[in-house]
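The values are calculated or read from the model by the stated rules, or taken from the named source; none is laboratory data. Treat the numbers as computed from the prediction; the structure is a model and nothing was measured. Cβ placement follows ideal geometry from the backbone for every residue including glycine, while neighbour counts extend to all protein chains displayed. The protein model used for the area step is the full one, side chains on, heavy atoms only, and it has no ligands, DNA or RNA in it. Shrake-Rupley method; radii C 1.70, N 1.55, O 1.52, S 1.80 Å.
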Amino acid sequence: VSFIPSTAFNWNSNTVNDLKLRLGYGTSAGFPRPYRTRNILNQTARAFDVDGTVTQTHAVSNTLGNPNLKPELHEEIEFGIEAVMFNNKLRFDLSLYEKNTNDLITQSPIDPATGFTSTAINIGKIRNRGIEFQATVTPISTASGFTWNSTVNWSMYRTETIELGAGLDQIVVAGFTNLGNFAVPGEPFNVIKGIGFERDEQTGEPIVLANGLYKPSADLVTLGDPNPRWNGSWINSFSWKGFTLNAMLEYRHKGA
């Protein structure tokens, strides 16, 4: 389901050639890959060949089926501004959006002692808010056919775990139970948690044991956020008589 109205404003001036405002809302469903709701038997038709004899093998899949798995639901709302100015010398597009995902499907590792290594589960609600900006300017455009276009892209988003459901306070998304990426309500999705160091209450310095090693913390601590603070790129295109040269710089700010 999608509803995207658009309003356009036009000026016959040398400054603003075209200005558009847009507001959109959409929903969609996400489904897991096949055979995630039941246990399956993997078959290798040609496991190995000995003296011309082909041998097949069968093995229980390492993925535990989850019969209670549900489709995930995505809802997104977006507001944007597009403008063309100075006789097409400057064009920019600004978007602000919020996307909510309910019952997010994720592959979660489990204790191998169960006979399986992972299973697909639903996570209560994940919220993603962000800003995207793109601007293209044409500094040079000559009668001989030489054109220089320069484009700047910038984006920033924040993904937060709102709730997990079923009374859970955290879920391992990747890694193991004592180290990896977690979904924790109130924290960024995929936050990295693991064993930290006990610190002295007065100095704040790590406590060193008799064997020279730092004293490990009793509980898991947050080690970092893998999500970047923002991403940016700068693209330049030089064209002349059918020849085009493109150059791009890309930058990612922070993110463990």
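With modelled with pLDDT under 90, within 24 Å of Asn231 (Cβ to Cβ), out of contact with any Phe, Trp or Tyr (no Cβ under 7 Å at 6 or more places or on another chain) and open to solvent by less than 40 Å² (accessible area, probe 1.4 Å) as the only criterion, which of Thr106, Thr101 stands out?
Thr106
Residue-by-condition table, conditions (1) more than 18 Å from Val173 (Cβ to Cβ); (2) modelled with pLDDT of 90 or more; (3) within 19 Å of the chain's Cα centre (by Cα):
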| residue | (1), (2), (3) |
| --- | --- |
| Thr27 | yes, yes, yes |
| Arg33 | no, no, yes |
| Leu69 | no, yes, no |
| Phe86 | yes, no, no |
| Asp93 | yes, yes, no |
| Ala113 | yes, no, no |
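Could you grab me the full set of residues in the range 99-115 that are on the phi < 0 side of the Ramachandran plot and part of a loop (DSSP other than H, G, I, E, B)?
Passing the criteria: Ile110, Asp111.
Can you tell me which residues in the range 244-253 are more than 28 Å from Val172 (Cα to Cα) and open to solvent by 80 Å² or more (accessible area, probe 1.4 Å)?
Those that are more than 28 Å from Val172 (Cα to Cα) and open to solvent by 80 Å² or more (accessible area, probe 1.4 Å): Thr244, Leu245, Asn246, Met248, Leu249, Glu250, Tyr251.
Taking the stated definitions as given, is Ala29 closer than 22 Å to Thr119 by Cβ, open to solvent by less than 90 Å² (accessible area, probe 1.4 Å) and in contact with an Asp or Glu (Cβ under 9 Å, 6 or more places away or on another chain)?
Yes, satisfied.
Condition test on Glu163, is it over 16 Å from the mean Cα position of the chain (by Cα) and under 20 Å from Gly130 (Cα atoms)?
Judged against the criteria, Glu163 is a match.
Test Arg158 against the stated conditions and say whether it is in a strand (DSSP E or B), among the charged types (D, E, K, R) and under 29 Å from Ile110 (Cα atoms).
So Arg158 fits the description; yes.
Tally the residues that are among the polar types (S, T, N, Q), touching a residue at least 40 places away in the same chain (Cβ under 8 Å) and assigned to a strand (DSSP E or B), restricting the search to the range 226-256.
5
Please give the strands (runs of 3 or more DSSP E) falling wholly within the range 26-98 in which 2 or more residues are touching a strand residue (DSSP E or B) at 6+ places or on another chain (Cβ under 8 Å) and among the acidic types (Asp, Glu).
Ranges flagged: 72-85.
In the range 189-243, which residues are among the small types (Gly, Ala, Ser) and open to solvent by less than 40 Å² (accessible area, probe 1.4 Å)?
Gly194, Gly196, Gly204, Ser217, Gly224, Gly232, Ser233, Ser237, Ser239
Restricting to the range 142-181, and then to whatever is without any contact (Cβ under 8 Å) to a residue 60 or more places away in the chain and open to solvent by 70 Å² or more (accessible area, probe 1.4 Å), can you tell me which residue is farthest from Gly80 (Cα to Cα)?
Asn178
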